[in-house]
């Protein structure tokens, strides 16, 4: 009943002044903001890999997260979210409540972030749920944050505490879009990335792209209460800091900034943000931490690496 | 090896002057053309529903088709293609040649249509291949073709012969993008849709959206040689016209045009196009055909309807 589902969905998609032609035609037409670049990103989530509906999350949470991870990518570019399109493949045996839940999660977050839902594609098959969201944002020309601009001497700032997101925060992601736009307006940022796969892994990606390295001050890494809770669990065997460095799905931002800008950001952050300076960019490659004797020790980047057997 | 695959893929993505920030960052940044609207569409193809790699198509053909069906949606809006992003979920057991083939099909078509491949998302799982393409195009403000603008008295034009696409044309789709832009520049078009699910079904969708109906002149429907071939097959039991009306995946365009414009288009079409006037829009709902006695007979829209059990 793709047709039935689309018939059900279309009147529920909120109209948006940004839509010259709304969902329901062969394509949607967007009034792009003048004098800005278009920023585009896509993320696909699959049942059994990224989530299991029912046992560890609700359809609504899947819809929320599928859009949220894309908005976090826009935040990592300092882009203002504009619109999104959604493609889903529903299990043929699924109830209508699955589709309704997905839509509710998507539409509620879209409303909160002023994102125009510009349509999508609904399919059915005998496999598990697949959802792919493409998000469009905008940024002034030449102003998008990149991950390859970190320079020796920059400070590394993280926008909030990390670790233990699997306790539930990974499903309630509220991406740092508004905060990113404000930071871009007020401060110089040389490079940025969002923490999806793990603080140390995403930091190492920024450093590799920037052909630089980083000396981390581990005592300054802000640790989320969830990381403490997880480390106390029977058999966990990891410290709260381990969790903060490797868990991922924090969806905070890592920023490489000139020292003065980093200090000013920490002293006067956007509302609701608790950023911290956690390291310094160095000329050579690799991640390092200072040990108790004051000596540099290599730090292996850890986090979630997608596995492909091929 | 998502990371490995991305490492393999990134240097192979051709650079494009439209990309201010290319694939490989958190998102891509596009130089959107000034004074034009952004047109966006998404289509997801799944193995076992839309194709079976190996037995009925190659990875390269899947990559080609996944982009082509989206470009056809842009053509149905009279939009010029600009960029595309791709999300794939690869079977964990797949060989690297699957990914290479997909990329080759995508990249070759993108080059031919001057589409900037702006990045994507690669996942792996234990399920079959899923590929979702989002295409971005552009069109002058207020100039996008819609499907809801057909008016009584308009002529219905189809841009080429239909039927029998399953013999192989459905894999070699060359969407009518260039032709659509030229038609939009030279003629008045009140409504448009591309033929993906079946001429009669897609025509009925245009009529429903336009709150109108259509009287078809079945003798004028251009029939593809493939439709003739299929109807001759043992046990087929359908006429070539049946195939032309119902098979779908022709990816020709249906246009509702003022009579004068329709005649001028047929008399002097864009290069390589053989359009035909096949009917007239009427005030009331429904599709009709004139029988041998000159009387109107209702025509049931037929074609491919996606099934969802819920």
Acute angle (nearest 10 degrees) that the helix A:59-75 long axis makes with the longest principal axis of chain A, alpha-carbon atoms: 50
Least to most buried among A:290, B:42, A:21, A:133 (fewest other Cβ within 10 Å first): A:290, A:21, B:42, A:133
Over segment B:186-306, relative contact order from alpha-carbon pairs under 8 Å, at least 6 apart, %: 42
Degrees between helix A:177-186 axis and first principal axis of chain A (Cα, 0 to 90, nearest 10): 50
Sequence ranges A:252-262, A:278-288, ranked by mean other-Cβ count within 10 angstrom, highest first: A:252-262, A:278-288
Fraction of the pair-distance distribution of chain B above 26 Å, Cα-Cα pairs, percent: 49
Inter-centroid distance (Cα atoms) of segment A:198-222 relative to segment A:23-53, Å: 29
Most fluctuating residue given options B:75, B:28, B:271, as computed from a GNM of chain B linking Cα atoms under 10 Å: B:271
Label point 7 Å beyond Cα along the C-beta direction, distances from residue A:54 to other copies (nm, shortest first): 2.9
Largest-first principal axis extents of the Cα set of segment B:158-210 (Å): 34, 27, 14
For A:142-149, mean number of other protein chain Cβ atoms within 10 Å: 4
Area projected by the alpha carbon convex hull of segment A:170-310, averaged over all directions, nm²: 10.6
For segment B:93-170 versus segment A:163-184, the gap between their alpha-carbon centres in whole angstrom: 33
Other protein chain Cβ atoms within 10 Å, averaged over every residue that makes up A:41-51: 6
Inter-copy spacing of residue B:149 label points, which lie 7 Å from Cα along Cα→Cβ, given in nm from shortest upward: 4.0
Fewest-first ranking of A:169, B:60, B:232, using other Cβ atoms within 10 Å as the exposure measure: B:232, A:169, B:60
Crossing angle, helix A:96-112 versus chain A [Cα axis fit, 0-90 degrees, rounded to tens]: 50
Computed over chain A: relative contact order in percent, which uses C-alpha pairs under 8 Å that are six or more apart: 21
Alpha-carbon Rg/Rh ratio, for segment B:1-146, with Rh computed the Kirkwood way: 0.98
Taking the convex hull of Cα positions in the protein assembly as shown, its mean projected area over all directions (nm²): 28.4
Mean residue ellipticity (222 nm) of chain B, computed from DSSP H runs ≥ 4 via -39,500 (n - 2.57), nearest 500: -8500 deg cm²/dmol
Computed label-point distance, nm, for sites residue B:96 and residue B:238 using a 7 Å Cα→Cβ extension: 4.3
Relative contact order computed over segment B:2-139 (Cα-Cα under 8 Å; 6+ residues apart), in percent: 38
Cβ neighbours within 10 Å from other chains - mean over A:104-114: 0
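Since every read-out is calculated from the coordinates, none of them should be taken as a lab result. Nothing here was measured: the structure is a model prediction, and the numbers come from that model. We place every Cβ from the backbone using ideal geometry, glycine too, and count neighbours over all the protein chains shown.
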